[in-house]
Amino acid sequence: MIYNNIIYFLAVAFVISVSTAPDQTWLSPWLGVPLFALLLFAFSLFAKKLFSPDRVISSQQYFAAEKKASLLATALYITSFFTCDLKYYTQPLSWDNTWPTLTNLFSLLLFFVFLTLMWLRALPRYQRIFHSSVSRLDFVCNNIRTNLTIILPWLILSFFFDLLNTVPVTGMKNWLNGIWAELFVFVAFLVLLIILFPPLILRLWGCRPMEPGPLRESIERFFRRQNFSAKIFYWPLFEGRIVTAGVMGIVARYRYLLLTPALLSALEQEELEAVLAHEIGHVKHYHLVLYLFLFFGFSLLADAIFVPLYLFFLNTDWFYQVLGWSRTSIDTLLNIFVAASIFVLMLLYFRFLFGYFIRNFERQADLHVFTAQKTAFPLIRSFEKIVAMSGNIRDKKNWHHFGIGERIDFLEKCGHDPKYIHLHNWKVYGSLAAYFFLISIGTWSLHHLDTKKLSEQSQTRYAKVRFEEKIEQDPGNSQWLKLLGDVMLERGKERAALHAYEKAIQSLPVSPELMNNLAWLLLTAEDHSLRDSVRALVLARSAARLSEQGYILDTFATALWANKRIEEAVAMTRKAAAIDQENIAYYQERLDTFQQEAWEGDILRPE
């Protein structure tokens, strides 16, 4: 259950983190809020059907229904998050973006609304199957506490970064956006997990220390034989009715072994020691540390692919086709596309790559029984009991564990021929070496990807669409058209610039800067079919009458020269030089050009 929930919460946290609050909602509040309420209602009805008495009659079916409902809750939440612009409504809670973690927290609470509806629908079947009398409030709170531990590191680190952003130290914000901040986050996360997180989990889960007595003494004796130490706690997962165990904590002083009461009552001493050997195997093979590096690897990969993804979408025609069809802003659609791509990458990474390592780490931990007990039979017997108590799940497989039948078969195989133990260990070590090599090479290559050409192209198309959005939002303001023309001209998109200037001058015919820029384009366009010296002269003369600035008079002089009025062009250039004396050298070059070259039609030719 917890492994699946990690994927769901990772997906939700990612969507919340990368999204930005829009300036205005896609749907009006009168439509968005009722739509969100309707999705909640529909999900509640679906969850009721999933947990109906005719569908769920065993613990196995209960967990299967919970998995389906959780997956649907995640999908509906993400859909409503973008469709209903949920972050638009939670953004004001950030205190003018000073504490964005508060926005993320309240956005996360909306996801818990979906989960709460699921738990309330599941409670009657849970009470019947597990013979429980837990109240609604306690059942929901217990589930919230269990799942909160998954998301808590993200919230704590986000809050920590918000706190650093408020520190009045020069350059702090620039540093947080720099390359070393990623390493800092990882180190902070590691320290958090080592020291603070395990005790916090114990409190959230309601774990209590195992009391002194024969059971605890026997476990501690086994620990001493294995040169291992950990504090022993009861784990009340599902009120302690689940047969399972776990270990957490990297440093021995902060390491905790968790055992459910159902496990302790089901297993004999030798079988219990086999399960303990499995948990010790995780520690001995540094699986807890490796999990951190696998999480950090995805962070590096996502960071490296972020900019190339942006440039990719900005340089694809179908992106702009979707933009025109959706009628949304380019920034919103771009964020959705990039977020969706990284989201898919995240699902694939954790479902397949991370899942591959989890499965093989579990198998490696199983094999530690050969070191601790010299035989796998006690562990095999404990597996058989778990199968019998859990509804015959021997052949059931999932993404994070090999099936219990597969684990038993492999233990028996290794018992007959120990070489398979060493082969599996080398398989894990080789896979880790290949992983670290590929992640290093991949992230380095993405960071050093030559994106200059793509960046130049994307900036032009992006700027054009952004200005077109401003023009559509404020059609009476021709200044946006002028700015669009300026940007297109600067980027060498002369026909687009001419089109923008033409539309702008229709609504603002007495702007000297606009007339000057259009005249200059008509005189100097590399596409000679766009040149028009006669109209350029009319525009330049009108601009010069309204504003006698050096650059405007220079355009007027160029228009005179293009119309073979050389003496007037020279006189106008000298007048421009007298006004703009800081650029005397430039105007001298213009004088030499006017006196030595002739402008015939649309072609410049030496005399």
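The values are calculated or read from the model by the stated rules, or taken from the named source; none is laboratory data. Nothing here was measured: the structure is a model prediction, and the numbers come from that model. Heads up, the Cβs are rebuilt from the backbone with ideal geometry, glycines too, and the neighbour counts pull from every protein chain shown.
In the range 401-433, the qualifying residues are those that are out of contact with any Asp or Glu (no Cβ under 8 Å at 6 or more places or on another chain) and basic (Lys, Arg), and the one that is surrounded by the most Cβ atoms within 10 Å (Cβ to Cβ) is LYS427. Of the residues screened, ASN97 is one that is at positive phi and under 22 Å from the mean Cα position of the chain (by Cα). Restricting the range 118-158 to residues that are small (Gly, Ala, Ser) and surrounded by 18 or more Cβ atoms within 10 Å (Cβ to Cβ) leaves a set whose member that is modelled with the lowest pLDDT is SER158.
Within the range 250-263, the set of residues being basic (Lys, Arg) and either in contact with a His (Cβ under 7 Å, 6 or more places away or on another chain) or surrounded by 17 or more Cβ atoms within 10 Å (Cβ to Cβ) (or both) comprises just one member, ARG255. Of the residues PHE350, PHE343, PHE357, PHE337, the single one that is among the aromatic types (Phe, Trp, Tyr), modelled with pLDDT of 95 or more and on the phi < 0 side of the Ramachandran plot is PHE357. Please indicate, with yes or no, whether at least one residue in the range 264-286 is without any contact (Cβ under 8 Å) to a residue 24 or more places away in the chain and crowded, with 16+ Cβ neighbours inside 10 Å. Checking the range 264-286: not a single residue is without any contact (Cβ under 8 Å) to a residue 24 or more places away in the chain and crowded, with 16+ Cβ neighbours inside 10 Å.
From the list ALA69, ALA37, the one residue that fits, being surrounded by fewer than 19 Cβ atoms within 10 Å (Cβ to Cβ) and under 28 Å from the mean Cα position of the chain (by Cα), is ALA37. Hey, can you tell me all the residues within the range 517-531 that are modelled with pLDDT of 85 or more and either part of a loop (DSSP other than H, G, I, E, B) or not assigned by TED's automatic domain parsing to the domain that holds ALA576 (or both)? If the condition is that a residue be modelled with pLDDT of 85 or more and either part of a loop (DSSP other than H, G, I, E, B) or not assigned by TED's automatic domain parsing to the domain that holds ALA576 (or both), then ARG531 is the only one that fits. Of the helices (runs of 4 or more DSSP H) lying entirely inside the range 348-420, those containing at least 3 residues that are of a type outside the set (Gly, Ala, Ser) and farther than 19 Å from GLY246 by Cα are 404-416.
For the range 193-245, taking the residues that are among the basic types (Lys, Arg) and under 37 Å from the mean Cα position of the chain (by Cα), the one that is farthest from LEU157 (Cα to Cα) is identified as ARG241. In the condition set (1) within 28 Å of the chain's Cα centre (by Cα); (2) closer than 30 Å to GLN226 by Cα, ASP317 is compliant with all but (2). In the range 242-263, of all residues being in a helix (DSSP H, G or I) and out of contact with any strand residue (DSSP E or B) (no Cβ under 8 Å at 6 or more places or on another chain), the one that is farthest from ILE201 (Cα to Cα) corresponds to ALA262.
Any residue in the range 227-245 that is in contact (Cβ under 8 Å) with a residue 40 or more places away in the chain, among the hydroxyl-bearing types (Ser, Thr, Tyr) and either in contact with a helix residue (DSSP H, G or I) (Cβ under 8 Å, 6 or more places away or on another chain) or outside the structural domain of SER133 (by TED's automatic domain parsing) (or both)? No, there is no match, as no residue in the range 227-245 is in contact (Cβ under 8 Å) with a residue 40 or more places away in the chain, among the hydroxyl-bearing types (Ser, Thr, Tyr) and either in contact with a helix residue (DSSP H, G or I) (Cβ under 8 Å, 6 or more places away or on another chain) or outside the structural domain of SER133 (by TED's automatic domain parsing) (or both).
PRO509 meets the conditions (1) at pLDDT 85 or above; (2) assigned to a loop (DSSP other than H, G, I, E, B) in every case but one. The failed one is (1).
Please go through the range 25-43 and give me each residue that is without any contact (Cβ under 8 Å) to a residue 24 or more places away in the chain and either within 20 Å of SER341 (Cβ to Cβ) or part of a loop (DSSP other than H, G, I, E, B) (or both), ordered by number. Scanning the range 25-43 gives a single hit, SER28. Condition test on ALA557, is it surrounded by 15 or more Cβ atoms within 10 Å (Cβ to Cβ), under 17 Å from PHE594 (Cα atoms) and touching a strand residue (DSSP E or B) at 6+ places or on another chain (Cβ under 8 Å)? Here the answer is no, as ALA557 does not meet what is asked. If you check VAL289, VAL247 for being buried (at least 18 other Cβ atoms within 10 Å of the Cβ) and either at positive phi or among the β-branched types (Val, Ile, Thr) (or both), only one passes: VAL247.
Restricting the first member to the range 364-388 and to residues that are among the acidic types (Asp, Glu), and the second to residues that are part of a helix (DSSP H, G or I), the beta-carbon pairs closer than 8 Å and six or more apart or on different chains are ASP366/HIS278; ASP366/GLY281; ASP366/LEU379; ASP366/ARG407; ASP366/PHE410; ASP366/LEU411; GLU384/ILE408. The set of residues from the range 434-448 being loosely packed, with under 14 Cβ neighbours inside 10 Å and either touching a residue at least 12 places away in the same chain (Cβ under 8 Å) or under 24 Å from the mean Cα position of the chain (by Cα) (or both) comprises PHE436, PHE437, LEU438, SER440, ILE441, TRP444, SER445, HIS448. Would you check which residues across the range 233-257 are within 26 Å of PHE139 (Cβ to Cβ) and among the basic types (Lys, Arg) and list them? ARG241 - this is the single residue of the range 233-257 that is within 26 Å of PHE139 (Cβ to Cβ) and among the basic types (Lys, Arg).
Checked against the criterion of being modelled with pLDDT of 80 or more and polar (S, T, N, Q), the range 380-391 has at least one qualifying residue.
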